[in-house]
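*Asks:* Below is the structure I would like to discuss, written out as structure tokens.
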Amino acid sequence: MNSGMTSPINLNEIDVLTLLPQRRPFVMIDHLTYCDQVLTTTTFEVREDNLFLDGNILNSCAVLENIAQTCAARMGYLNKYVYREKVKLGFIGGIRNFCLQRPAVLGETLTTTIEVIEEVMKMILVNAYVRVGDETIATAEMKIAQTDIEVGKNDE
């Protein structure tokens with residue numbers, strides 16, 4: 001964690017499936033690459049077995065799900081490694097100002113960053129930026145509601 005704390009674990013060693021309620025084939029992130037109280041970044045490679053591919057193009061629903069799963073990875077990481085609790089289920093509470101500059105295509109790697117704008121009780125408002133290399137391909141504002149419902153088995 002950035003805010004004066006050192007990360008309790010190397011992020012490269014974390015299996016993202018331990019942070020998410022989703023299971024394959026619906027997992028839309030590969031790696032958690034950065035996480036603190038404000039910023040979280042994930043990567044995701046668009047592969048040919050992706051259910052959201054239309055030809056060689058990843059549809060916009062997949063980009064929104066990628067953003068939501070980046071939020072879920074943040075909550076899962078904080079719950080599991082910082083607060084030492086079980087990973088909890090969250091829901092999309094709203095999406096605003098979604099702008100897809102261009103679709104992602106087969107073989108590209110998405111780097112998604114969420115920035116927490118406001119966190120009140122169990123509601124989190126984030127700005128999201130999805131990039132391929134240095135190019136921003138999508139932005140959105142997303143509201144996530146975290147529940148107290150624990151997600152399956154989260155032990156390593």
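*Asks:* Just give me the residues in segment 1-46 being at pLDDT 95 or above, over 21 Å from PHE91 (Cβ atoms) and open to solvent by less than 40 Å² (accessible area, probe 1.4 Å), in sequence order.
*Replies:* ASP30, THR41, THR43, VAL46, listed by residue number.
*Asks:* Which of the following residues is within 17 Å of TYR129 (Cβ to Cβ) and over 14 Å from the mean Cα position of the chain (by Cα): LEU110, LEU58? Spell out the reasoning first.
*Replies:* On the way: LEU110 fails: over 14 Å from the mean Cα position of the chain (by Cα).
After ruling out the rest, the residue left standing is LEU58.
*Asks:* If GLN69 satisfies every condition in (1) open to solvent by 20 Å² or more (accessible area, probe 1.4 Å); (2) closer than 23 Å to ASN10 by Cα; (3) touching a residue at least 40 places away in the same chain (Cβ under 8 Å) but one, which is the exception?
*Replies:* Among (1) open to solvent by 20 Å² or more (accessible area, probe 1.4 Å); (2) closer than 23 Å to ASN10 by Cα; (3) touching a residue at least 40 places away in the same chain (Cβ under 8 Å), the lone unmet condition for GLN69 is (1).
The values are calculated or read from the model by the stated rules, or taken from the named source; none is laboratory data. All figures in this text were calculated on a predicted structure; none of them were measured in a lab. Glycine also receives a Cβ, built like all others from the backbone with ideal geometry; neighbour counts cover every protein chain displayed. Surface accessibility is based on the protein's heavy atoms, side chains included, excluding ligands, DNA and RNA. Shrake-Rupley method; radii C 1.70, N 1.55, O 1.52, S 1.80 Å.
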